Each structure stands twice: as C-alpha cells, then as structure tokens.
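*Asks:* Just passing along the structure, written as structure tokens.
The values are calculated or read from the model by the stated rules, or taken from the named source; none is laboratory data. Here the structure is a predicted model, which is why all the values come from computation and not from measurement. Here the Cβ is made from the backbone with ideal geometry for all residues, glycine too, and neighbour counts use every protein chain on show. Heavy atoms of the whole protein, side chains included, go into the accessibility calculation; ligands, DNA and RNA do not. Shrake-Rupley method; radii C 1.70, N 1.55, O 1.52, S 1.80 Å.
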There are 2 protein chains.
Amino acid sequence: MKYTLNQGRELSSQIAEAIREAIMNGSLLVDERLPSEGELCDRFEVSRSTVREALKRLAAQNLIRTQRGATGGAFVNRISFEDAYPQQITTSTLLLSMNEVSFETACEARFAVERACVPLSAARCQPDHMATMRAEIHRQEQIGLSDESFCASDVAFHKALVEGAGNPVLTYQLASAIESMQPLMNMITFSKRDRAKIVDLHRKIADGIASGNADIVDKGLSELADYSVTLADQVRLQRAAKKQETAKA
Amino acid sequence: MKYTLNQGRELSSQIAEAIREAIMNGSLLVDERLPSEGELCDRFEVSRSTVREALKRLAAQNLIRTQRGATGGAFVNRISFEDAYPQQITTSTLLLSMNEVSFETACEARFAVERACVPLSAARCQPDHMATMRAEIHRQEQIGLSDESFCASDVAFHKALVEGAGNPVLTYQLASAIESMQPLMNMITFSKRDRAKIVDLHRKIADGIASGNADIVDKGLSELADYSVTLADQVRLQRAAKKQETAKA
DNA sequence: ATATTTTAATTGTCAGACATTTAACTTTAT
DNA sequence: ATAAAGTTAAATGTCTGACAATTAAAATAT
C-alpha cells in the first residue's frame, strides 16, 4: 500500500477515504486490526491529531471500533443490521424533514415500499409476527391512548408486517423507510373516528396475512395510504383555519 | 441548553451525540452556524481536540460542513438526496458483504423492493426514463461488452425503472437498495445465452411500462429474479467443480 | 500453582503553538 | 470618490509534546 495525499481537501478526510476504500475493497477484513495511531502517523506522514480525526470519521460510520489498552487499537467492524438501522433512519428522517418533501410524496413512497413485502409476508405468515400485529391492534383500540403512542403502535404493527416476510435484508430496507416517516405521522392528530377506521384496516390487513391472501392485504394498504393523506390534508386545513383566526384576533 | 457529560463513553462521542440531537429535534436549523470550536470548548469544558473529533464525527455523517476563514465555522448541512445516496449504498453494500447474506436472500429482497415501484412507473411512464431503458437494452446487446459493463448497464436499466415512478423518496430508497447489490451481481459471469435471456426480459419489462401494464412488468421482474438465482447457482457449482479439479491436480 | 504487582502498549484528553484561509477593514494610488 | 492593494482578525487545519486511563501480558511474590 502506498499513500499519496495530494488534493486540497483536509488531510483527515483523505486518510479516512483511503482507509474506507481499503475496507470496501477487502484489503482490510472484518475484525482485522488497523495499524496503531502512531504507525498511521508514519505511513501518512501526518500528526496524530490528524490521524485521530480520520479514525473518528470512520467510527461515526460504524466502519471501525476502537479499544484501549495493550492489545487495543482500531478494528474493522462487522456492520450489523442493528448498527445500520439507526444510521439509515437518521439519514432518511433528516432527508424528509430538511427537503420539503410533501406528506403525499413521502406517504406514497412509504406504502409503495411496504407493499413490496406483502406477497412474501402472506405466503410465510409467521405466528410470532402475527401475534405482534394482533397485540398492536388491541393496543390501538384502548381509549385514552396518546397520539404519540398510537403512532408508535402503528409503526410497530407495520414493522411486524414487514418482518413477516422473513427476509432480513428486506426488513432492514423497509423498516427503516417506515420508521423514518414517524415524525411526519406524529404531526397528525387522530380523532376517535379516525382511529376506528385505521384499526379496521389494520385488522383487514392482519386477516389477509393470516389467510395468505396477498390481494386483500394490498388493498388494505392502499386504502390506508389514501386515508393517511386525507387525514393529513384535514390537519393542514385545520391549522390554516386556526392561523387565520389567530391573525384576526 | 445545558450539557452534562457523564457516562464512560468517550467525550467526543457524547458531544457529537448532543449536537446531533440538537439537529434532529430542530434546535439547530439548516445552515445555522454552530458555536466556534473555542466556544464549544468552553461550553462542554473540554479541549479543542475533543471538540474537533466530535465535529469530524458529525461531518462524516454529512450533518455539518465546515468553512475556514473569518466568517467560517461549522454549519448545519441540508442533507440532499445526492449526499444520502452514497452513504446509504456504502452501508448496505458492507452489510451484504460482511454478514454472509445469501445471494438468494439478497436477490429476493432486491426484486421485492423493486416491484414496489411498478404500479407507479407503469402509470406515469415518463419519456426520459423510457429512453434510458431502451438505450441500456441496446447497450446490453452489444457483443464484446465486459461482464462489469453489462452489470453496470443492468443497474442503470433498473435505476431508470424506479426513477420512472417519479417519486424522489422512492427513488432514493429503491435505487440504493439496487445499487448495493452490484458487487454481488458482478460475481456472476454471463454467457451469451444468459445475456440474451436477460435482455429479452428487460425488453418485456420496458414494453410493459410503455403500455402501462403493471402485471407484465411484475411478471418480468419475477422471472428475472428467478433467473438470477439460477445463474448464481450455476456459478457456484462451476466454482465448486473447478476447486475440486484443482485439488485433484 | 496461584495471586499480586509491574510493565508496556495503546487510545483518550489536554495545552499551546503555528499555518492557512477568508472576509472585512484600512490604506493608498489614481 | 473610487478602485486597488495591503492589513488585520477570526476561524479552521495541522503539528508537537505531554499526561491520563485502560488493558493484556509479563514478572514477581506467596
């Protein structure tokens, strides 16, 4: 390995890049130990601060972990689904909140993505996830449940649905897409009637999965998507009205 | 804002966490300037190196950018789709390569996810993306095309398919899922006959989109998924045979 | 043999210095 | 007065050297 750091970018960035590249192309294997900070200083001909800043960049992406002590050092991390989840969700959530993505667009994407797991979930229908879905439906029927809790339960219900597909890669992709919508969903206030309708659809979906009928599930999800958009529109109208009232007063 | 850094974790990690939280919950708005490194030192009562390591962590996640000079500093980044793409792909790619995810599982997830966009793409069918798909099909028919180029063109074709849905959020989620599969696809060698069949299916899919017939597209994708798995199995068998041969000699 | 202590390697943190970049300010020349 | 050139100040980027904390292994004592 030879390292040449030329460009105008910061050194720590270039060093992080070089190491990231080595990890990506397999030059550095999982659990392999990187050279110590001191050795990296020599190789890249930079100071320890610079090396450390580079390593912190990689640590922030879960690419490496560090251990102190005699046999310590920086090690290539085996990225787990558990590590990748929150990372993905953070990015997606911010993407939605910072880019004026309309609720309609986000909702369309969310349910389109979710529909991807329906054939598999219906075919495989695992008791565990079935039970979770039923339990969440039950929770959603409880009176006095806060809107936040209702939304959280909604997410849990849909997460169980995608986990039912029994494909960890699919779960990872879909569940993060769904969770990143949560802040948007939390902005909606659900009346008693709204909840009843949503729970009905959830039950329809769960029944569809239980009976292995993908079409029913698909239809249920479509209705849910449409209804969510309708509700969001109502909230928007209500807020606009309230705002005008306040402005008058 | 009051900051208390207690736990055993590294200070720079905790500081990064605190600032990330402030960005996520809206305390720090897009393009807002963070306190200078010196001020952060005072607030968190740590040295500048520690603050800098925290900032580098955030920069690695595209949460902030830094500028030098008199009016410089660290600013909250508006995360763009362009920023988020490669991040997502890096994570997903490593996740696949590091966790012994079978080709079958990954393939199932990839095509399941891709099917999510079919109804929208078929309904909206935009000329731009239609043209890209046709062009890529044409490229794939050229003899002498390397396997790598063939695979890259394959990815481009499918990317155009999901972009045809006209939903940026969906494109972001799906395209990154598809691209993260590329290394796995590159491991397959395509015979002339393989390519002919794949291109046929691509044409079927493109025609389905052009005529707005989602069912045809769906079926085409399913066939493609099955065929990909078949090819991967063949490659696996061939390699096993070759290995045994080598061992014998 | 086991328990304890020492040692050495490594990362984490601190302090202070200088380099570099950049915008704003000041001076000077026209 | 205006424009060009030079100066200044604030900020990040990098370097150096030191010490703290942690940890496994080696050395020592029981």
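*Asks:* Which of the following residues is without any contact (Cβ under 8 Å) to a residue 12 or more places away in the chain and either touching a helix residue (DSSP H, G or I) at 6+ places or on another chain (Cβ under 7 Å) or not in a helix (DSSP H, G or I) (or both): B:Val169, B:Val217, B:Val155?
*Replies:* Selected residue: B:Val169, the only one of B:Val169, B:Val217, B:Val155 that is without any contact (Cβ under 8 Å) to a residue 12 or more places away in the chain and either touching a helix residue (DSSP H, G or I) at 6+ places or on another chain (Cβ under 7 Å) or not in a helix (DSSP H, G or I) (or both).
*Asks:* While we're looking at this one, here's another question. Taking the range A:52-76 only, how many residues are within 11 Å of another protein chain (Cβ to nearest Cβ) and near DNA strand C (Cβ under 9 Å from one of its atoms)? Please lay out each step first, then the result.
*Replies:* Pass one, the range A:52-76, residues within 11 Å of another protein chain (Cβ to nearest Cβ): A:52-63, A:66, A:68, A:76.
Next, from what is left, pick out any that are near DNA strand C (Cβ under 9 Å from one of its atoms): A:52, A:55-56, A:59, A:66, A:68.
Counting residues in the range A:52-76 that are within 11 Å of another protein chain (Cβ to nearest Cβ) and near DNA strand C (Cβ under 9 Å from one of its atoms) gives 6.
*Asks:* If you don't mind, there's one more thing I want to ask. Search the range B:91-104 for residues that are at the interface with another protein chain (Cβ under 7 Å from one of its Cβ atoms) and pair each with any residue that is among the basic types (Lys, Arg) when their beta-carbon atoms are under 6 Å apart and the residues are at least 6 apart or on different chains.
*Replies:* Cβ pairs passing all conditions: B:Met98/A:Arg78.
*Asks:* Can I ask one more? Can you tell me which of (1) under 26 Å from B:Thr93 (Cα atoms); (2) free of Cβ contacts under 8 Å to residues at least 60 places away in the same chain is the one A:Ser36 doesn't meet?
*Replies:* The number of the failed condition is (1).
*Asks:* What is the one condition in (1) over 24 Å from B:Val101 (Cβ atoms); (2) at the interface with chain B (Cβ under 10 Å from one of its Cβ atoms) that A:Glu37 does not satisfy?
*Replies:* Condition (2) is where A:Glu37 drops out.
*Asks:* I've got another one for you. Which residues, taken from the range B:85-128, are open to solvent by less than 40 Å² (accessible area, probe 1.4 Å), of a type in the set (A, V, I, L, M) and assigned to a helix (DSSP H, G or I)?
*Replies:* B:Ile89, B:Leu94, B:Leu95, B:Leu96, B:Met98, B:Ala106, B:Ala109, B:Ala112, B:Val113, B:Val118, B:Leu120, B:Ala122
*Asks:* What number of residues within the range B:77-90 satisfy the criterion of being facing chain A (nearest Cβ under 8 Å), free of Cβ contacts under 8 Å to residues at least 40 places away in the same chain and not polar (S, T, N, Q)?
*Replies:* 1
*Asks:* Exactly one condition in (1) in a helix (DSSP H, G or I); (2) open to solvent by less than 80 Å² (accessible area, probe 1.4 Å) is false for A:Gly212; which is it?
*Replies:* It fails just one condition, (1).
*Asks:* Before we move on, is A:Phe75 within 16 Å of DNA strand D (Cβ to nearest atom) and closer than 22 Å to B:Ser92 by Cβ?
*Replies:* In short, yes.
*Asks:* Name the residues in the range A:93-148 that are among the charged types (D, E, K, R) and more than 17 Å from the chain's Cα centre (by Cα), would you?
*Replies:* A:Glu100, A:Glu104, A:Arg124, A:Asp128, A:Arg134, A:Glu136, A:Arg139, A:Glu141, A:Asp147, A:Glu148
*Asks:* Can you tell me which condition B:Ala54 does not meet? The list is (1) without any contact (Cβ under 8 Å) to a residue 24 or more places away in the chain; (2) small (Gly, Ala, Ser); (3) on the phi < 0 side of the Ramachandran plot; (4) not assigned by TED's automatic domain parsing to the domain that holds B:Met187, and all the others hold.
*Replies:* Result: B:Ala54 passes all but (1).
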